[in-house]
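Here the structure is laid out as structure tokens; the discussion comes afterwards.
The values are calculated or read from the model by the stated rules, or taken from the named source; none is laboratory data. Model, not experiment: these values are computed from the prediction. For neighbour counting, all protein chains shown are included, and Cβ atoms are generated from backbone atoms with ideal geometry for every residue, glycine included.
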Amino acid sequence: MSEITNIFIDHFQIPLPVTLSDATHGEMSQFELITVKIADSEGAEGLGYTYVGQGSAGSIQSLIEDYKDLLIGEDAERIEYLWQRMWWELHYSGRGGPVSFAISVIDIALWDLKSRKQNTPLWQLLGGHDPKVKAYAGGIDLYFTIEELLEQTRCNLDNGFCAIKMKVGRKRLSEDIERVAAMREFLGTDFPLMVDANMGWRTDEAIRAARTLSNYGIFWLEEPTIPDDFAGYGRIHKEGGVPIAAGENLHTLYEFQHLIAADGVSFLEPDVTNCGGITTWMKVAHIAEANNLPVTSHGVHDLQVHLLAAVSNKSYLEVHGFGLQDFIAEPVKVVDGYATAPDRIGHGISFDWNSLEKYRV
Ligand SMILES: [Mg+2]
């Protein structure tokens, strides 16, 4: 038995290279990274991590701390068992939200540990469909001028991207439309262009926006409204006339199922660092498959490339990392529009701990 012997938690506050903004989160000048290393009795180690833009990192850290007693001494290979123990341990006061982030970090570390012990890359262990995954550049650019937006896009094209996402949700819809029109003009008719409203609209506003955006051939409209309004998503999907992506703010498996049941989504977009980890992410991918829907991703592309590589119903990998790639030894690269899941064992991500040290909280 591979017994969990120790859990090490670290917390860093990392400044962003440039200040970012979207429709609901205000200006972001830093992000917080929480990492967990799980060691077992045979000398193996697994690494998990999550990130938040603002707040709650301290709570997530202390929830992980709370889970230590439950995990130490247990068999590290029984991931589903440990996942259920963690879920029910804090279910009454903590279902979803920060608890899902805390479970995610630990779950990622356990899967890393398991695939390292089996001497196999994570994407192979999880299903091994195809290591090549289409990737898009996710811009956080709502208040960029049109010139800055196009300059960023030029840069993304030079860096190998063949699909791009931009933010929408400015004060007036006409401003969004002007920006989307400029991007469409620049990129050409068939270039995959996604737009992301970060929950900025009410249902009726979202439907009006979606109908107007449908004239610009957008690949998907992401998070048109709050994640809690499943019926609203159903209406936007049906009446808006554009494909809908959502999932980065869903923190339980059941929320994904509710969204699918409401016929509110075309692309499921779980984030492995906040939905409950790899265990939940794979379940979401499989219920998506059973509903004939593709799965995409949100954030942490170095990790999520493995998950999309594992499954057959993959859509695009989102590439935006808050600059975290600067702290990763061999970050995923995009070549001719594709990212490739690495052949290193586990998820194969090693942080540059020395460079991170000065950002320790
Ligand atoms: Mg988004």
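Quick look at the values:
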item: Hits in the range 328-348 - residues which are part of a loop (DSSP other than H, G, I, E, B), more than 18 Å from LEU307 (Cα to Cα) and in contact (Cβ under 8 Å) with a residue 24 or more places away in the chain; result: ASP336
item: Exclusive hit being touching a Ser or Thr at 6+ places or on another chain (Cβ under 8 Å), at pLDDT 95 or above and more than 22 Å from ALA339 (Cβ to Cβ), set GLU65, GLU89, GLU77; result: GLU77
item: For GLU318: the one exception among (1) out of contact with any Leu (no Cβ under 7 Å at 6 or more places or on another chain); (2) outside any strand (DSSP E or B); (3) within 14 Å of the ligand (Cβ to nearest atom); result: (2)
item: Failed item in (1) farther than 20 Å from LEU82 by Cα; (2) crowded, with 20+ Cβ neighbours inside 10 Å; (3) modelled with pLDDT of 95 or more, with HIS11 passing the rest; result: (2)
item: Residue satisfying condition, being among the aliphatic types (A, V, I, L, M), surrounded by fewer than 16 Cβ atoms within 10 Å (Cβ to Cβ) and either touching a strand residue (DSSP E or B) at 6+ places or on another chain (Cβ under 8 Å) or in the same structural domain as GLY264 (by TED's automatic domain parsing) (or both), within set ALA197, ALA231; result: ALA231
item: Pairs where the first residue, in the range 292-319, is over 22 Å from THR120 (Cβ atoms) and the second is part of a loop (DSSP other than H, G, I, E, B) and among the charged types (D, E, K, R), C-beta under 6 Å, 6+ apart; result: THR296/GLU269; HIS298/GLU248; HIS298/GLU269; HIS298/ASP271; GLY299/ASP271
item: Hits in the range 234-278 - residues which are within 16 Å of the ligand (Cβ to nearest atom) and over 20 Å from the mean Cα position of the chain (by Cα); result: ILE236, VAL242
item: Conditions (1) of a type outside the set (Lys, Arg); (2) out of contact with any strand residue (DSSP E or B) (no Cβ under 9 Å at 6 or more places or on another chain); (3) not assigned by TED's automatic domain parsing to the domain that holds ILE278; number of the one not met by ALA102; result: (2)
item: Test: residue in the range 138-158 that is surrounded by 21 or more Cβ atoms within 10 Å (Cβ to Cβ), under 19 Å from the mean Cα position of the chain (by Cα) and away from the ligand (no atom under 16 Å from the Cβ); result: no
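One line per residue, one yes/no per condition, for (1) buried (at least 18 other Cβ atoms within 10 Å of the Cβ); (2) modelled with pLDDT of 95 or more; (3) in the same structural domain as ILE140 (by TED's automatic domain parsing); (4) outside any helix (DSSP H, G or I):
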{"site": "ARG170", "(1), (2), (3), (4)": "no, yes, yes, yes"}
{"site": "SER174", "(1), (2), (3), (4)": "no, yes, yes, no"}
{"site": "PHE219", "(1), (2), (3), (4)": "yes, yes, yes, yes"}
{"site": "PRO224", "(1), (2), (3), (4)": "yes, yes, yes, yes"}
{"site": "GLU248", "(1), (2), (3), (4)": "yes, yes, yes, yes"}
